[in-house]
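Novice: Below are the structure tokens for one structure; questions will follow.
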Amino acid sequence: LWQRYYEEMKIWKTLSICEGVNKAYCITKLNEIPCVCAEWMDNGNYSSMVNTIDISLFFENLIRIIKTLDFAYSKFKIIHRDLKPENILVNINHKVVISDWGLAKSLSKNNIENYSVATQTNDNLNLTKEGQFLGTIIYASPEQILGLKNIDFRTDIYSLGCILYQFETGE
């Protein structure tokens, strides 16, 4: 269990150089349950705003999300794999940041190791196995739900499409 949180923290801290990523500080235990301590966001998460937000602010934030995902993938080959309104936090200025990188996957371990603030690694660690699904099903791509091993950045695009659908329809 701790190894999973360690891997999350390694990815999260690496991506924290991007202003569209919520800053993570450390891993701790609360009642023996591991927790990631991250920057507090005054306006909570996007789920309460996705159906009420002004359209221009929604699309401004959508562009910010896209740029953040592009940064994570183009610079480090990292995909989020659990993009949903609850993992998109809103700061005091109503700008969004992506949070909860617990299911993120580095498609190129070498990139993350070259830039990571962490000093140890376990290259044999596979957080998910083929045929296994982790994530939030209503935002997950069919390939992810099927547990296919070779998913890529398109799974995050699919999730973003689900968020757009929710914004447009309210469902």
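The values are calculated or read from the model by the stated rules, or taken from the named source; none is laboratory data. All values derive from a computational prediction rather than experimental measurement. Here Cβ is always computed from backbone atoms with ideal geometry, including for glycine, and neighbour counts include all displayed protein chains. Keep in mind that these areas ignore ligands, DNA and RNA; they rest on the heavy atoms of the full protein, side chains included. Shrake-Rupley method; radii C 1.70, N 1.55, O 1.52, S 1.80 Å.
Novice: Of everything in the range 38-72 that's in a loop (DSSP other than H, G, I, E, B) and β-branched (Val, Ile, Thr), which residue is modelled with the lowest pLDDT?
Specialist: My answer is Val50.
Novice: OK, next. Among the numbered criteria (1) over 30 Å from Glu171 (Cβ atoms); (2) not in a strand (DSSP E or B), which single criterion is violated by Cys35?
Specialist: The number of the failed condition is (2).
Novice: Something else about it: Quickly run through the range 78-106 and pick out the residues that are in a loop (DSSP other than H, G, I, E, B) and either open to solvent by 10 Å² or more (accessible area, probe 1.4 Å) or more than 18 Å from Ile157 (Cβ to Cβ) (or both).
Specialist: Scanning the range 78-106 gives Arg81, Asp82, Lys84, Asn91, Ile92, Asn93, His94, Lys95, Ser99, Asp100, Gly102, Leu103.
Novice: State which residue pairs qualify: first residue among the acidic types (Asp, Glu) and inside the range 147-171, second residue assigned to a helix (DSSP H, G or I) and surrounded by 14 or more Cβ atoms within 10 Å (Cβ to Cβ) in any location, beta carbons under 8 Å apart, and separation of 6 or more residues or different chains.
Specialist: Pairs that qualify, where the first residue is among the acidic types (Asp, Glu) and the partner is assigned to a helix (DSSP H, G or I) and surrounded by 14 or more Cβ atoms within 10 Å (Cβ to Cβ), are Asp156/Leu69; Asp156/Tyr73.
Novice: Could you check, for the range 16-36, whether at least one of its residues is at pLDDT 90 or above, of a type in the set (Ser, Thr, Tyr), in contact with a helix residue (DSSP H, G or I) (Cβ under 9 Å, 6 or more places away or on another chain) and buried (at least 19 other Cβ atoms within 10 Å of the Cβ)?
Specialist: No, that holds for no residue.
Novice: Could you say whether any residue in the range 26-48 is within 25 Å of Ile145 (Cα to Cα) and of a type in the set (A, V, I, L, M)?
Specialist: Checked against the condition, which is being within 25 Å of Ile145 (Cα to Cα) and of a type in the set (A, V, I, L, M), the range 26-48 yields no hits at all.
Novice: Next question, about the same structure. Scan the range 23-36 and report the pairs whose first residue is closer than 15 Å to Trp12 by Cα and whose second residue is of a type outside the set (D, E, K, R) and part of a loop (DSSP other than H, G, I, E, B), with Cβ atoms within less than 6 Å and a gap of 6+ or a chain change.
Specialist: From the range 23-36, the pairs are Lys23/Ser16.
Novice: Right, here's the next one. So Leu69 passes all but one of these: (1) surrounded by fewer than 20 Cβ atoms within 10 Å (Cβ to Cβ); (2) closer than 25 Å to Glu143 by Cβ. Which condition number does it fail?
Specialist: Result: Leu69 passes all but (1).
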